[in-house]
Amino acid sequence: MRGTTVSRHRSIAIATAIAMALALAACGGSDDGGGGDGASGPTSTPSDRPRSTAELSIVSPAVGEVVQGSTIDLRVKLQGAKLVPVTTTDIVPDEGHLHVLLDDTLISMTKGLEQEIPDVPPGAHRITVEFVAGDHAPFDPRVVTVVAFEVEP
């Protein structure tokens, strides 16, 4: 019975992740690769969500960076908030976790500020990172940052 419960919770988490990725892609900001410095800018959400105190930026890779090899070392800077591992409906504006997307595909929901992204093919890419509330939904305005970069073999 425990395996069925874990499997059901995992299925719900995957379905939630897919829905969030689609929502983020549909409501995302500009397609200009994230602007000049990779810093976040507010983007409105249609629902009644709390405002976060967080400021988010991608430290690495830098905007326009050419990365050698297929592994990307992602480093994110978060100020004015803290990362927490627990999913909850008790929303706190300065607590949450990160959703990381590569080329508009959700690749992780993490509580860490650093991670390796393996097997990234050569070419132009975009990393989007969003600080979201404990219920996996965005704050209003959204706390999101995007960086465009290139991979060379």
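Here are some notes:
- In sequence order, calculated HN-Hα J values of region 73-84 (Karplus, 6.51, -1.76, 1.60; Hz; x Gly/Pro): 8, 8, 10, 10, 10, 10, 10, x, 7, 10, 8, 10
- Here region 75-119 is treated as an ellipsoid with the same Cα gyration tensor; its semi-axes, largest first and in whole Å, are 21, 12, 9.
- Under a model in which nothing but the beta-carbon of Lys, Arg (+1) and Asp, Glu (-1) is charged, region 78-153 shows a dipole of about 140 debye around its Cα centre.
- Region 53-153 - percent relative contact order, Cα under 8 Å, separation 6 or more: 36 percent
Values quoted throughout were computed directly from the atomic coordinates according to the rules given, and no laboratory measurement underlies them. Please read these numbers as outputs of a predicted model, since none were measured by experiment. Note: ideal-geometry Cβ built from the backbone for every residue, glycine included; neighbour counts use all protein chains shown.
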